[in-house]
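Enquirer: Submitted below is the structure of interest, expressed as structure tokens.
The values are calculated or read from the model by the stated rules, or taken from the named source; none is laboratory data. This one's a predicted model, so the numbers in the text were calculated from it and none came from an experiment. Because the Cβ atoms are built from the backbone with ideal geometry, glycine has one as well, and the counts that use them run over all protein chains shown. In case anyone asks, the SASA skips ligands and DNA or RNA and just uses the protein heavy atoms, side chains included. Shrake-Rupley method; radii C 1.70, N 1.55, O 1.52, S 1.80 Å.
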Amino acid sequence: MKIHAIETGKVKITKNWRIGRGNGLKRFKNTLFDSEFTEWLPIYVWVIEHPEGLIVIDTGIPVDANKRIWFPPFMPLVQRAAKFKMTPEQEVGSQLRQLGLSPNDVRWVVLTHLHQDHDGGLHHFPNAEFVVSFKEWEMAAGIKGRMNGYLNQRWPDWFKPRFVDFDSQKPFGPFTGHHTLTQAGDIHLVPTPGHSPGHLSVILVEDDLMSILFAGDASYTEELLIEQKADGIGADPDVQQETHRKILKYAEQHHTVYLPSHDPGAKERLENRIPINKDLELEAQAV
Ligand SMILES: [Zn+2]
């Protein structure tokens, strides 16, 4: 199965956003007011050429993402702490066409969560079925969603995703629920809350020996997963670290290529099928 990594632009966040510092409101303040920034990080979209149809995981950043937003009142602070760099040609639609694929042929778009660097390209896929966790939708939709910092005013009017409610589903390995997307039974959505409350990840079981885990922002990099470092934007770092432990547990049981959306090393690991580095994991446990 062909899998493509499409970089739709770059993002730079404060260092305290990448690795959270402090607790509660203090943690949020440290994230927003930090004057030090990370290097530019990629914003990946993943495309699977599945026999049952094209599957797109997340949709990247829109070209107008740096445009000022004044509601809710903390938005300018969020925008100061997360900056984006992209061109119109980098939007996911044109890059798909460059690969010889048509956005109109996409069957499913799975959204790991509804932050703007993941839902910014919805308008490219008018024919697709969108899949999102019910919990994420509850947090992100309507006026409550706007208050939570979600930019749902940018969603196309026709955006009506299918919801996955993990609470009513059977576990999948260490994960508390799952939803199998394909008839072939090789693609599973699992809850990976923390970065956002309804965050999900996608697991493609390639064969008995290899799984590919499309992690969204479950952690920003593989290293941060292994070190179990929660970011500075998720509401509850404990929930995120619990997710990290579950992913690591899954990776103990299956060779797992781990692909966060903003990990500079992710594309190479995908192309060479490099699973989560066990040595690093042992190192982290020994500390
Ligand atoms: Zn995010």
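Enquirer: Going by average Cβ neighbours within 10 Å, how do the peptides 71-77, 259-265, 190-196 rank, with the highest at the top? Show your work: numbers first, answer last.
Expert: Values: 71-77: 12.1, 259-265: 22.0, 190-196: 26.0.
Those peptides, ordered most packed to least, come out 190-196, 259-265, 71-77.
Enquirer: Return the subset of Lys144/Lys267; Lys26/Lys229; Lys135/Lys160; Lys2/Lys67; Lys83/Lys229; Lys170/Lys249 for which the Cα-Cα distance in this structure is over 24 Å, preserving the input order.
Expert: Pairs exceeding the cut-off: Lys144/Lys267; Lys2/Lys67.
Enquirer: For a quick protection proxy, order the peptides 33-44, 1-12 by their average other-Cβ count within 10 Å, most packed first.
Expert: On the way: 33-44: 15.7, 1-12: 18.4.
Result, highest mean Cβ count within 10 Å first: 1-12, 33-44.
Enquirer: At 1.4 Å probe size, put Met210, Met147 in order of accessible surface, largest to smallest.
Expert: Numbers: Met210 35, Met147 100 Å².
In descending accessible area the options line up as Met147, Met210.
Enquirer: Full-extension gain between Phe159 and Lys83, please, as 0.36 nm times their residue separation minus the C-alpha to C-alpha distance.
Expert: 24.8 nm
Enquirer: So what J values fall out for the range 151-164 if you push phi through Karplus, 6.51 cos²θ - 1.76 cosθ + 1.60 with θ = phi - 60°, rounded to Hz, Gly and Pro as x?
Expert: Values per residue, Gly and Pro as x: 9, 6, 5, 8, 5, x, 4, 7, 5, 9, x, 8, 9, 10 Hz.
Enquirer: Would you work out the relative contact order for the chain, in percent, from Cα pairs under 8 angstrom that are 6 or more residues apart?
Expert: Numbers: 612 pairs, mean separation 45.7, N = 287.
The normalised contact order for the chain reaches 16 percent.
Enquirer: How fast does the chain diffuse by Stokes-Einstein, in µm²/s, taking the Kirkwood radius from C-alpha pairs at 4 °C and 1.567 mPa s? Write out the running numbers ahead of the final one.
Expert: Numbers: Rh = 18.9 Å.
Approximately 68 µm²/s, per Stokes-Einstein.
Enquirer: Next question, about the same structure. Counting only residues 5 or more places away or on other chains, whose amide H sits under 5 Å from the amide H of Thr112 once H atoms are built in the peptide plane?
Expert: Asp58
Enquirer: Leaving ligands and nucleic acids out of the surface, order Trp70, Trp158 by accessible area at 1.4 Å, largest first.
Expert: Details: Trp70 175, Trp158 110 Å².
Final ranking, largest accessible area leading: Trp70, Trp158.
Enquirer: Specify which residue in the list Gly216, Ala251, Asn66 is farthest towards the positive end of the charge dipole of the chain, using unit charges on the beta carbon of Lys, Arg (+1) and Asp, Glu (-1), about the Cα centre.
Expert: Highest projection toward the positive end goes to Asn66.
Enquirer: Can you show me the helix-derived [θ] at 222 nm for the chain, built from DSSP H runs with n ≥ 4 at -39,500 (n - 2.57) apiece and divided by the number of residues, rounded to the nearest 500.
Expert: Working: 11 runs with 82 residues, N = 287.
It lands at -7500 deg cm²/dmol.
Enquirer: For Cα pairs less than 8 Å apart in space and 6+ apart in sequence, what is the mean separation divided by the residue count of the range 161-285, i.e. the relative contact order in percent?
Expert: Reported relative contact order: 20 percent.
Enquirer: Only Lys, Arg, Asp and Glu count, each charged at its Cβ (+1, +1, -1, -1), so figure out the dipole size of the chain about its Cα centre, rounded to 20 debye. Please list the in-between numbers first.
Expert: Numbers: 31 positive and 38 negative charges, 234 e Å.
Dipole of the chain, to the nearest 20 debye: 1120 debye.
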